[in-house]
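The values are calculated or read from the model by the stated rules, or taken from the named source; none is laboratory data. In this text the structure is predicted, and so the values were computed from the model without any measurement. In this analysis, Cβ positions are derived from the backbone assuming ideal geometry, glycine residues included, and neighbour counts consider all displayed protein chains.
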């Protein structure tokens with residue numbers, strides 16, 4: 001911790017360079033350098049720097065990763081939606097805690113975390129998405145530790161997330177959806193099988209999915225009170241298959257709160273469906289679920305009907321979520337602005353919508369080429 005003359009003088013006082021070396025809580029070496037005039041002031045400065053950077057340096061908590069997890073689980077449950085919370089905790093329990101639970105936070109060096117990451121990367125049974133989700137959950141928990149000052153910094157952040165292999169995949173191969181002609185064939189089978197009020201509810205479910213692009217949980221959560229004239233208000237979502245039964249929560253994100261104008265064909269279908277519900281139950285109220293009544297349709301039954309309708313129509317089976325792609329692809333191919341499509345889908349970022357559906361704009365390419373074809377250099 002030297003105090004050295006610099007050879008510079010000011011007002012008759014010698015300038016001194018004061019250096020203090022110290023190691024932070026993460027084990028990284030640092031050097032602090034300041035200048036002072038006069039030996040007495042230089043010595044006082046040295047003691048001040050020692051006190052600030054060495055004697056009072058931050059320390060890393062000796063709590064274990066398991067103890068951190070237990071605390072973080074409670075915190076996280078109050079900060080996120082039920083489905084997001086359960087997903088994050090599942091990733092931590094399955095991919096992180098089995099090997100990391102016993103480590104103390106003050107022993108979480110980058111080599112230790114690199115080994116964890118390499119072990120996950122070597123597991124060929126895990127998809128790249130599963131690996132990335134595990135990393136995201138772990139890094140979020142360590143960010144919480146930094147926030148609570150259990151860690152000085154997050155040592156996992158510097159390692160970065162898992163990267164997908166450098167394979168070329170056509171964007172179109174990622175999406176599955178029905179054309180408008182295929183949907184007509186599909187929904188005709190659904191209507192043909194709608195003999196009871198409950199059967200009719202499945203028919204209505206897939207009509208709403210096609211005409212609005214709403215998520216499954218959003219459709220399940222819809223009440224008749226959410227329909228105001230020809231406007232559909234999406235204000236909630238329902239998650240099934242969770243401990244304690246169904247959980248009603250706000251939509252996925254802020255942008256998922258949205259008002260959608262209902263197309264005329266869907267208006268007609270909803271009016272008929274409401275009439276049927278009113279006639280079938282004396283308990284009917286505006287709080288009835290549009291698809292289900294007193295309780296929403298079950299996810300498993302919805303998927304089973306989906307498969308039946310597709311098979312009966314001679315169509316390939318697509319997931320419930322793919323009806324969002326069906327809705328979006330139809331609008332894309334009709335040249336609807338990407339921002340409006342993002343709004344209808346409830347995406348928080350237009351870039352997400354563009355990355356998913358940009359390749360479905362063939363007419364724009366044709367228009368561009370047609371314009372260029374007219375410009376001849378001769």
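Here are the numbers:
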item	result
Of the criteria (1) closer than 29 Å to residue 249 by Cα; (2) touching a strand residue (DSSP E or B) at 6+ places or on another chain (Cβ under 8 Å), which one residue 147 fails	(2)
Filter result (surrounded by 11 or more Cβ atoms within 10 Å (Cβ to Cβ), modelled with pLDDT of 85 or more and not in a loop (DSSP other than H, G, I, E, B)) within region 154-175	157, 159
Scan of region 1-29 for residues that are within 21 Å of residue 151 (Cα to Cα) and either at pLDDT 75 or above or part of a loop (DSSP other than H, G, I, E, B) (or both), ordered by number	24, 25, 26, 27, 28
Selection count, region 226-282, where residues are under 17 Å from residue 208 (Cβ atoms), without any contact (Cβ under 8 Å) to a residue 12 or more places away in the chain and assigned to a loop (DSSP other than H, G, I, E, B)	1
Residue check, residue 75 out of contact with any strand residue (DSSP E or B) (no Cβ under 6 Å at 6 or more places or on another chain) and touching a residue at least 60 places away in the same chain (Cβ under 8 Å)	yes
Filter result for residue 372 (at pLDDT 85 or above and in a helix (DSSP H, G or I))	no
Candidate set from region 78-88 (those that are part of a helix (DSSP H, G or I) and touching a residue at least 40 places away in the same chain (Cβ under 8 Å)); member that is surrounded by the most Cβ atoms within 10 Å (Cβ to Cβ)	88
Some residue of region 311-326 being in a helix (DSSP H, G or I) and surrounded by fewer than 17 Cβ atoms within 10 Å (Cβ to Cβ)	yes
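Okay, residues lined up against (1) touching a strand residue (DSSP E or B) at 6+ places or on another chain (Cβ under 8 Å); (2) surrounded by fewer than 16 Cβ atoms within 10 Å (Cβ to Cβ); (3) assigned by TED's automatic domain parsing to the domain that holds residue 190:
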{"site": "260", "(1), (2), (3)": "yes, no, yes"}
{"site": "270", "(1), (2), (3)": "yes, no, yes"}
{"site": "274", "(1), (2), (3)": "no, no, yes"}
{"site": "277", "(1), (2), (3)": "yes, no, yes"}
{"site": "282", "(1), (2), (3)": "no, yes, yes"}
{"site": "288", "(1), (2), (3)": "yes, no, yes"}
{"site": "294", "(1), (2), (3)": "no, yes, yes"}
{"site": "299", "(1), (2), (3)": "no, no, yes"}
{"site": "302", "(1), (2), (3)": "no, no, yes"}
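Yes or no, residue by residue, for (1) farther than 29 Å from residue 237 by Cβ; (2) outside the structural domain of residue 250 (by TED's automatic domain parsing); (3) in a helix (DSSP H, G or I):
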{"site": "93", "(1), (2), (3)": "no, yes, yes"}
{"site": "102", "(1), (2), (3)": "yes, yes, no"}
{"site": "111", "(1), (2), (3)": "yes, yes, yes"}
{"site": "126", "(1), (2), (3)": "no, yes, no"}
{"site": "130", "(1), (2), (3)": "no, yes, yes"}
{"site": "133", "(1), (2), (3)": "no, yes, yes"}
{"site": "145", "(1), (2), (3)": "yes, yes, yes"}
{"site": "152", "(1), (2), (3)": "yes, yes, no"}
